[in-house]
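J.: Once you've had a glance at the structure underneath, I'll fire off some questions.
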Amino acid sequence: MATFSTHIIKSFKHDGHLHRMWVENALVPESLHHESHKAESMMILINSQTKIIEADGKEWVSRIPGVSFFIPKQWFNVVALLEESGVRYYCNVASPPYLSGNVITYIDYDLDVIRMPGGAVHVVDQDEYEQHKLMYHYSAIVEGKVKQGLNDLLSRIQLDQAPFCDELVHYYYREWEKWKG
């Protein structure tokens, strides 16, 4: 049986300060990856009731299981939340992931895209992006990468491309449950 390993996910802001940290995430072994995910060398992690630490030190525990997808070189990441009403995809426009040991880090650029279980798509936190763009002095290069990341993400959603597949999200979660239990 394939072995899951524990990883930490750390999200930072552009100036380098910690934004949020998910303490316990299970990395899905590559042997269990769907071909479409292998083709892009995705890192897939699962968490359920993990401790989350905010920048101000506040701690809380996630109530909704999540399957996270990080794709090398892509300026976004995707968290599939397994809710009673279906899978809700919460997507962060962010720098590409960086893996060091058992820690995955990225810079969060505020813009988020939410795909609801019924298929409705919402781009949120645009005002926060505009504020931080001025506050952190994003370069033209960063602005271009963020816009491209948003466009690439919206295109994948529209075309139902990986990782937007409820079946595979449930498959990974079931495999993790089998392994741990």
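The values are calculated or read from the model by the stated rules, or taken from the named source; none is laboratory data. Note that this is a predicted model, so its numbers are computed, not measured. We place every Cβ from the backbone using ideal geometry, glycine too, and count neighbours over all the protein chains shown. These area figures cover heavy atoms from the full protein model, side chains too; ligands, DNA and RNA do not enter into them. Shrake-Rupley method; radii C 1.70, N 1.55, O 1.52, S 1.80 Å.
J.: Counting only residues 5 or more places away or on other chains, whose amide H sits under 5 Å from the amide H of Glu24 once H atoms are built in the peptide plane?
T.: Correct list: Lys51.
J.: In sequence order, what are the phi-derived ³J(HN,Hα) couplings for segment 53-67 according to the Karplus relation 6.51 cos²θ - 1.76 cosθ + 1.60 with θ = phi - 60°, rounded to whole Hz, with x for glycine and proline?
T.: 10, 8, 4, 7, x, 4, 10, 8, 10, 5, 9, 10, x, x, 10
J.: From the phi of every residue in segment 126-135, what ³J(HN,Hα) in whole Hz does the Karplus formula 6.51 cos²θ - 1.76 cosθ + 1.60 yield, where θ is phi - 60° and glycine or proline is x?
T.: 5, 5, 5, 4, 4, 5, 5, 4, 6, 5
J.: Modelled label-to-label distance, Lys133 and Trp179, 7 Å Cα→beta-carbon offset: nm?
T.: Modelled inter-label distance: 3.9 nm.
J.: Ok, one more. Quick one: compute the contact order of the chain, relative version, from alpha carbon pairs under 8 angstrom and 6+ residues apart, as a percent.
T.: On the way: 350 pairs, mean separation 35.2, N = 181.
Relative contact order comes out at 19 percent.
J.: Where nothing but the Cβ of Lys and Arg (+1) and of Asp and Glu (-1) is charged, how large is the charge dipole of the chain around its Cα centre, in debye to the nearest 20?
T.: 340 debye
J.: Just to confirm, what accessible area per residue do you get for segment 31-181 at 1.4 Å probe, in whole Å²?
T.: Roughly 52 Å² per residue, with all protein chains present.
J.: For the full complex of protein chains and a 1.4 angstrom probe, list Met116, Met135, Met42 by accessible area with the highest value first. Don't skip to the end; give the middle numbers.
T.: Details: Met116 70, Met135 110, Met42 10 Å².
Accessible-area ranking of Met116, Met135, Met42, largest first: Met135, Met116, Met42.
J.: Can you tell me the length gained on complete extension of the stretch Ala140 to Ala2, counting 0.36 nm per residue apart and subtracting the Cα distance? Intermediate results must be reported in sequence, preceding the final value.
T.: Working: separation 138, 0.36 × 138 = 49.68 nm, distance 4.35 nm.
Stretched out fully, the Ala140 to Ala2 stretch lengthens by 45.3 nm.
J.: Separate question: Quick one: of the DSSP bridges fully inside the chain, what percent are antiparallel, nearest 5?
T.: On the way: 45 of 50 bridges.
Roughly 90 percent of the beta bridges in the chain run antiparallel, per DSSP.
J.: Here's another thing I want to ask about it. Tally up the carbon and sulfur contribution to the accessible surface of the chain as a whole percent, 1.4 Å probe, everything protein left in place. Mind showing how you got there, number by number?
T.: Working: 4830 of 9370 Å².
Ligands and nucleic acids excluded, carbon and sulfur give 52 percent.
J.: Any chance you could give the angle, 0 to 90 degrees and rounded to 10, that helix 140-158 forms with the longest Cα principal axis of the chain?
T.: That helix lies at roughly 40 degrees to the long axis.
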